[in-house]
Amino acid sequence: MTGKSRGERQTGLLNGFAAYGMWGLVPLFWPLLEPSGAVEILAHRMVWSLVLVAAVLLVVRRWAWAGELLRQPRRLALITVAAAVITVNWGVYIWAVNNDQVVEASLGYFINPLVTIAMGVLLLKERLRPVQWAAVGVGFAAVLVLAVGYGKPPWISLTLAFSFATYGLVKKKVNLGGLESLAAETAVQFLPALAYVVWLGSRGEATFATEGAGHAALLAATGVVTALPLVCFGAAAIRVPLSTLGLLQYLAPVLQFLLGVLYFREAMPPERWAGFALVWLALTLLTWDALRTARRAARTLRAETSVPRTTITTGTMSAARNADSLSSGPGPAPAEAKP
């Protein structure tokens with residue numbers, strides 16, 4: 001049983017590394033789609049994602065959820081909101097990569113955990129531990145430093161962070177699986193995206209059929225680029241602890257940052273380094289606090305689970321004594337063993 005559990009964890013870790021690794025390396029893919037513009041790429045991503053995910057669901061025969069979803073207007077409305085928010089996220093990210101803003105895009109996913117925590121406080125009235133408050137404060141200071149350095153707020157980073165945090169909040173309320181959720185969201189996006197692609201073609205501005213078969217194949221591959229990391233993430237999420245996924249999530253922005261600096265040769269003036277250093281300090285505080293809290297929770301759980309065993313043992317011994325007394329003559333009824 002232990003060997004099987006270890007194998008499951010290893011499979012989960014491999015899938016987690018694959019998911020976040022692909023998300024981290026995806027800036028290498030979007031420039032291959034030029035001369036397509038960001039909006040055209042986004043439209044193709046929506047169209048081909050639905051085609052691919054629908055094919056997968058057809059193969060595995062997982063359609064029961066769709067009928068249930070259609071009978072729940074509130075969840076449908078939330079799916080629509082999620083589709084709108086992730087459309088903004090995808091579009092801004094593609095535009096940023098194809099306009100030499102990979103480093104700023106990576107910053108958006110670095111500060112996303114901090115934005116998620118802040119939204120939890122403001123919208124869900126969650127209470128923070130002191131270290132979490134410190135991390136949020138350091139993150140806010142980082143944004144101020146970067147805003148001064150840029151001469152304007154880092155709007156790409158903030159848009160990516162807030163849109164993805166909102167997306168996560170909505171998805172939590174919808175409570176659908178990864179593939180099912182992507183299918184529902186891209187179903188909402190499909191008709192507007194397809195209409196845009198057709199409109200571009202009618203104006204003679206579409207690149208899908210004018211840049212060769214290789215370019216058309218790359219545009220169609222946007223569906224794979226969208227769905228495959230999500231499948232790997234889903235496989236990881238059910239096999240590894242949430243704390244491990246929380247650590248793995250930093251792999252994607254780290255890879256994006258390294259690509260921006262080392263491959264795309266984007267500028268890193270001192271004020272940008274200072275802002276990133278503050279963000280990394282905030283994330284270090286969050287990670288340390290999360291690991292410490294997880295260890296405390298594990299110790300508490302072990303302590304609590306040890307109590308029933310003692311109670312069961314005591315109850316069993318008492319039952320045995322009562323049974324002995326019954327066998328030797330009249331006496332009290334045997335006590336009922338309680339967990």
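The values are calculated or read from the model by the stated rules, or taken from the named source; none is laboratory data. Because the structure is a prediction, the values reported are computed rather than measured. Neighbour counts run over all protein chains shown; Cβ positions are idealised from the backbone, glycine included.
Some notes on this structure:
- Only one of the numbered conditions (1) touching a helix residue (DSSP H, G or I) at 6+ places or on another chain (Cβ under 9 Å); (2) closer than 30 Å to Pro270 by Cα is not met by Lys152, and that is (1).
- Meets criteria (in a helix (DSSP H, G or I) and over 17 Å from Leu33 (Cβ atoms)) for Ala267: no
- Put simply, of Val143, Val97, Val198, Val102 the only residue that is out of contact with any Phe, Trp or Tyr (no Cβ under 6 Å at 6 or more places or on another chain) and touching a residue at least 40 places away in the same chain (Cβ under 8 Å) is Val143.
- Meets criteria (part of a helix (DSSP H, G or I), out of contact with any Lys or Arg (no Cβ under 9 Å at 6 or more places or on another chain) and crowded, with 18+ Cβ neighbours inside 10 Å) for Leu228: no
- Criterion applied to Ser49, Ser36 was being among the hydroxyl-bearing types (Ser, Thr, Tyr), in a loop (DSSP other than H, G, I, E, B), in contact (Cβ under 8 Å) with a residue 24 or more places away in the chain and touching a Leu at 6+ places or on another chain (Cβ under 9 Å), and the one residue passing it is Ser36.
Conditions tested, residue by residue: (1) without any contact (Cβ under 8 Å) to a residue 40 or more places away in the chain; (2) touching an Asp or Glu at 6+ places or on another chain (Cβ under 9 Å).
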| residue | (1), (2) |
| --- | --- |
| Ala216 | yes, no |
| Ala220 | no, no |
| Thr226 | no, no |
| Val231 | no, no |
| Ala235 | no, no |
| Arg239 | no, yes |
| Leu247 | no, no |
| Pro269 | no, no |
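- Here the condition is being at pLDDT 85 or above, of a type outside the set (Lys, Arg) and surrounded by fewer than 16 Cβ atoms within 10 Å (Cβ to Cβ); of Val148, Val121, it holds for Val148 alone.
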